[in-house]
Amino acid sequence: MTTVLVHGVPETDVVWRPMLEELGRDDVVPLSPPGFGAPVPERFGASWIEYRDWLIREVETIGHPVHVVGHDWGGVHALNAVLVRPDLFLSWTVDVIGGYDPAYVWHDFAQEWRAIDKGEAVVHALFGGTVEERVQTNEFLGIPTETAQRLAEGQDQTLTRCLLSLYRSAPESILKQMAQSLADAAVIPGLVVIATGDDFVGDVEMRRRTAARVGATVAELPHGHWWMLENPALAAATLTSFWNSLSPVDAHA
């Protein structure tokens, strides 16, 4: 069973490496969204819908249904792809389900990034310095030192440009439209990872409530936004337990 991992922002696929070692499998494929560790195609505008369609094309290329695990914006891309092409997926796992609650509002960083001019200034202050300065920013955000270093090396101007475009393509009115469609994701088995220390994706109750709307399995982890880095062994065990709980048809179709 092929599993694809889709990371978020401001990240590259280095955020998955410790967990991949714990999984110890050769059928897990990290997919880096354009601009976030992967080249940006010509005329790619880095909007949420373009990332959704990018993921659909990537999974179509694999040629059979896959399990998808999405972190941060990668979870949004994953759910949005499931909503329009459920035939491509065996299951989905996300940690951003709170963003699909009608009461969700963007976190403070997102509010700043969405503002013209101010967003550019904030992103430059965070990621426009030297590699060493970016490492410090990543550590401040909660990313362990080794990954913070590897991540800083990939946080270039292309990444920050795509970050701004992505957030600006998704005002809260768009989030509410996504929320209205969420029930359609119930046709595929889902796992919602609730990292209880994560304050970017809505409060815990909001996430529980939204998970219940789609009948998803819930796993609460006592960690923050980068739960897969804080405890890679627990992250791998949580995913493996979910996949093992699926029926043979779901897991191996």
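The values are calculated or read from the model by the stated rules, or taken from the named source; none is laboratory data. Quick caveat: nothing in here was measured; it's all calculated off a predicted structure. As a convention, Cβ positions derive from the backbone with ideal geometry for all residues, glycine included, and neighbour counts pool all protein chains shown.
Structure values in brief
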quantity	calculated
Among (1) farther than 30 Å from Gly63 by Cβ; (2) without any contact (Cβ under 8 Å) to a residue 40 or more places away in the chain; (3) surrounded by fewer than 15 Cβ atoms within 10 Å (Cβ to Cβ), the one test that Leu234 misses	(3)
All positions within the stretch 82-99 that are aliphatic (A, V, I, L, M), surrounded by 24 or more Cβ atoms within 10 Å (Cβ to Cβ) and closer than 12 Å to Ile188 by Cα	Val82
Residue count for the stretch 163-185, restricted to those that are closer than 24 Å to Trp227 by Cβ and part of a helix (DSSP H, G or I)	8
Condition met for Thr137 (crowded, with 17+ Cβ neighbours inside 10 Å and either touching an Asp or Glu at 6+ places or on another chain (Cβ under 6 Å) or not aliphatic (A, V, I, L, M) (or both))	yes
All positions within the stretch 60-70 that are touching a Ser or Thr at 6+ places or on another chain (Cβ under 9 Å) and either within 12 Å of Met228 (Cβ to Cβ) or among the β-branched types (Val, Ile, Thr) (or both)	Ile62, Val66, Val68, Val69, Gly70
Any hit, the stretch 202-224, residues being loosely packed, with under 14 Cβ neighbours inside 10 Å and of a type in the set (A, V, I, L, M)	yes
Options Leu151, Leu163; residue that is surrounded by 21 or more Cβ atoms within 10 Å (Cβ to Cβ), within 23 Å of Val105 (Cβ to Cβ) and modelled with pLDDT of 95 or more	Leu163
Single match in Gly202, Gly215, Gly197, Gly190 (criterion: on the phi > 0 side of the Ramachandran plot and at pLDDT 95 or above)	Gly215
Cross-chain or 6+ apart pairs with Cβ under 7 Å, the stretch 169-198 first and without any contact (Cβ under 8 Å) to a residue 40 or more places away in the chain, then among the β-branched types (Val, Ile, Thr)	Ala183/Val214; Ala186/Val214; Thr196/Val204
The stretch 21-71, subset over 21 Å from Pro86 (Cα atoms), hydrophobic (A, V, I, L, M, F, W, C) and under 16 Å from the mean Cα position of the chain (by Cα), residue surrounded by the most Cβ atoms within 10 Å (Cβ to Cβ)	Phe36
Matching entry among Phe89, Phe140, Phe127 (being free of Cβ contacts under 8 Å to residues at least 24 places away in the same chain and aromatic (Phe, Trp, Tyr))	Phe140
Counted residues, the stretch 114-138 - those being assigned to a helix (DSSP H, G or I) and under 30 Å from Ile174 (Cα atoms)	13
Filtered residue count, the stretch 38-61, keeping only those that are under 27 Å from Leu90 (Cβ atoms), aromatic (Phe, Trp, Tyr) and touching an Asp or Glu at 6+ places or on another chain (Cβ under 9 Å)	0
Unique residue being touching a residue at least 24 places away in the same chain (Cβ under 8 Å), over 23 Å from Val40 (Cα atoms) and charged (D, E, K, R) when the list is Asp72, Asp101	Asp101
